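The values are calculated or read from the model by the stated rules, or taken from the named source; none is laboratory data. Treat the numbers as computed from the prediction; the structure is a model and nothing was measured. Every residue, glycine among them, receives a Cβ derived from its backbone with ideal geometry; neighbour counts consider all protein chains shown. The area values use the complete protein model at the heavy-atom level, side chains included, leaving out ligands, DNA and RNA. Shrake-Rupley method; radii C 1.70, N 1.55, O 1.52, S 1.80 Å.
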Amino acid sequence: LGRVAQEVVRRAQGLGMNVIAYDPYVTAEFAAQRGVRLVDMETIIAESDFLTAHVPLTAQTANLIDRAQLKRMKPTARILNVARGGVINEEALVEAIEAGEIAGAALDVFAEEPLAADSPLRKSNKIILTPHLGGSTVEAQEQVAEDVALQVIDVLNDRPARYAVNAPIIPPKDLDFLIPYIDLAERMGRFLQQVSGEGGINRVKIAAHGELANFDLAYLKAGAIKGLLSNVVDIRVNLVNAPLLAEKRGVDFVEQRLRQHEARYETMLALTISTPTESWTVRGAVLQGEPYIVGI
């Protein structure tokens, strides 16, 4: 239920469809706000009339839709894959369509590209194929040119570029002090992402103790989000796009500054995440230039 899937949701609802979704990294509240019912994988396989996948190709998503899943689908169901080739087992898909287990499919991506001339996918009149060229339309190229021009104007007028790929500019006087804490925040986020389970993070609090509280926490917040989402979303998370990604996933972010410091650590960073069922806090400090987790 990421960025692309949310666009599909809006269009499907416009056609009068009831939309269900499977995404272990968002909450039911996040889905409900978009008029979507969050379900488990078994339910989405069994209930869908049109099943569309919007996930990156990873070890966890390779052959996500395989023979076992196809056999449990409605015989009238159709599958779309415009995400990444390999998410759906192509051999199993052809077999399921030929056996009448599902009604058809539409694919824009393939396990091997370009698609071989003798691929079984080409032989079925129930499978629609397009050559993974969605970004090469006249309209897309015009929009890219317009986006570049607008961002140049924004930067020249001291506004942030919306799609910058480099890290934010840190004042030189703050750089030496903040860099280790940005690294620390990312490591803490990665740690919490691993221990939080699959309930969906709906709230994150970052607390700066001591001298750290005197600085802009935007960089630390971005580092924490990068750690929390880097293995979750299908695009590279960086210090520029991290806050936007968190916002789009419905994560409520809270900042706290505590200028007094704990006795043992003159400067400390605390990161707390909350899911519908639990809360985790991890504390960290930079000691002799190295990041340490000092409390869980």
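Of the conditions (1) surrounded by fewer than 22 Cβ atoms within 10 Å (Cβ to Cβ); (2) more than 16 Å from the chain's Cα centre (by Cα), Glu247 fails just one. Which one is it? Status for Glu247: all satisfied but (2). Listed by position, the helices (runs of 4 or more DSSP H) inside segment 30-132 whose residues that are over 30 Å from Gly14 (Cα atoms) and hydrophobic (A, V, I, L, M, F, W, C) number at least 2 are 90-98. When Thr61 is tested against (1) over 20 Å from Ile102 (Cβ atoms); (2) among the hydroxyl-bearing types (Ser, Thr, Tyr); (3) open to solvent by less than 50 Å² (accessible area, probe 1.4 Å), exactly one condition is not met: (1). Taken over segment 177-197, the residue count meeting the criterion of being in contact with a Pro (Cβ under 7 Å, 6 or more places away or on another chain) and closer than 17 Å to Ala213 by Cα is 3. If we scan segment 257-277, do we find a residue that is in contact with a helix residue (DSSP H, G or I) (Cβ under 7 Å, 6 or more places away or on another chain), among the aromatic types (Phe, Trp, Tyr) and modelled with pLDDT under 90? No, every residue in segment 257-277 fails to be in contact with a helix residue (DSSP H, G or I) (Cβ under 7 Å, 6 or more places away or on another chain), among the aromatic types (Phe, Trp, Tyr) and modelled with pLDDT under 90.
Each residue in segment 11-29 was checked for being farther than 12 Å from Gly250 by Cβ, at pLDDT below 95 and either part of a helix (DSSP H, G or I) or aliphatic (A, V, I, L, M) (or both), and 0 of them qualify.
Taken together, the residues in segment 98-121 that are farther than 20 Å from His54 by Cβ and touching a Ser or Thr at 6+ places or on another chain (Cβ under 6 Å) amount to 1. Name the single residue, out of those in segment 250-296 being hydroxyl-bearing (Ser, Thr, Tyr), farther than 14 Å from Leu212 by Cα and in a loop (DSSP other than H, G, I, E, B), that is most open to solvent (accessible area, probe 1.4 Å). It comes out as Thr277.
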